[in-house]
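Only one structure is covered here, and it is reproduced in the block below.
The values are calculated or read from the model by the stated rules, or taken from the named source; none is laboratory data. Computed from a predicted structure; not experimentally measured. Positions of Cβ are backbone-derived with ideal geometry, glycine not excepted, and every protein chain shown enters the neighbour counts.
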Ligand code: MN
């Protein structure tokens, strides 16, 4: 076992707001000022858990563009219907992950799934934005619809099970293809559960408590509200212990050491590239929804 990673600090959500009329989110960064220390990640929104009554029209976000990065949607409860200008469409069910590389630009809409809309119920998901290095910001869009069955499960201990979305744990490999090294692990813990993660060196890491109560490395307690523990790049071992049923997301990645220029749904390296993105979107060069 390697040395333990150090917890540098713990942050809470910096803002709470609605994205469209379907996603009541708490933002775990960057609204709280966390930025370069969690590169390559740009943003994490945690939607719900919230009960929606049955409805006839799907709630969500209408047609909007993205350029220069990837959006990763993890569904926990309820479902999300997606369709985009690159011709991709699908429903993200609980346990599934959609890894959408916007790169040079897509236009898409994100709505509650039709069956979920009609039946109502509890909705819970995460959307994570992963930056792309300059060399790939204008590459072709890509779409990975990763189903729950494709995600390997790894026991971390007793009552602590990992679903490996991206990166490696021992001999297990996550199915997501990434442009730079990224680790993404969905950890489900039972009350009294405990487990150990061996994480790779050279990546920034955050341990995000979505709900429940978890102690990191025997000392840092996160409980109640969503929290993120930022970890030192050195060392590799992280110990998790849960005092109640908990949902944890571990994210890591090699920092992209480039300037970040962002304007709403566009994340580039320079202001000139942002102006070009706005112009290209307005001119329809990111496509349209059919
Ligand atoms: Mn979007």
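Details
- Which numbered condition residue 250 fails, given (1) over 25 Å from residue 130 (Cβ atoms); (2) part of a strand (DSSP E or B): (1)
- When we screen 155, 162, 171, 135 for residues that are over 18 Å from the mean Cα position of the chain (by Cα), at pLDDT 95 or above and more than 22 Å from residue 68 (Cα to Cα), the only hit is 155.
- Test result for residue 49, more than 15 Å from the ligand (Cβ to nearest atom), in a loop (DSSP other than H, G, I, E, B) and surrounded by fewer than 21 Cβ atoms within 10 Å (Cβ to Cβ): no
- Close Cβ contacts (under 7 Å, 6 or more residues apart or on different chains) running from residues in the stretch 252-281 that are within 16 Å of the ligand (Cβ to nearest atom) to residues that are in a helix (DSSP H, G or I) comprise 263/274; 266/274; 266/277.
- Residues located in the stretch 128-179, provided they are within 16 Å of the ligand (Cβ to nearest atom) and buried (at least 22 other Cβ atoms within 10 Å of the Cβ): 128, 129, 130, 131, 132, 141
- The set of residues in the stretch 96-112 that are within 25 Å of residue 275 (Cβ to Cβ), away from the ligand (no atom under 11 Å from the Cβ) and surrounded by fewer than 24 Cβ atoms within 10 Å (Cβ to Cβ) comprises 103, 104, 105.
- In the set 90, 95, only one residue is more than 23 Å from residue 267 (Cα to Cα) and at pLDDT below 95; that residue is 90.
- Unmet criterion (only one of (1) within 16 Å of the ligand (Cβ to nearest atom); (2) outside any loop (DSSP other than H, G, I, E, B); (3) more than 26 Å from residue 253 (Cα to Cα)) for residue 25: (3)
- Verdict on residue 254 being over 29 Å from residue 62 (Cα atoms) and either surrounded by 14 or more Cβ atoms within 10 Å (Cβ to Cβ) or touching a helix residue (DSSP H, G or I) at 6+ places or on another chain (Cβ under 9 Å) (or both): yes
- Residues of the stretch 74-95 that turn out to be surrounded by 20 or more Cβ atoms within 10 Å (Cβ to Cβ), at negative phi and either in contact (Cβ under 8 Å) with a residue 40 or more places away in the chain or away from the ligand (no atom under 14 Å from the Cβ) (or both), as a count: 8
- Failed item in (1) in contact (Cβ under 8 Å) with a residue 12 or more places away in the chain; (2) surrounded by fewer than 22 Cβ atoms within 10 Å (Cβ to Cβ), with residue 16 passing the rest: (1)
- Members of the stretch 219-244 found to be at pLDDT 95 or above, within 21 Å of the chain's Cα centre (by Cα) and part of a loop (DSSP other than H, G, I, E, B), listed by number: 225, 226
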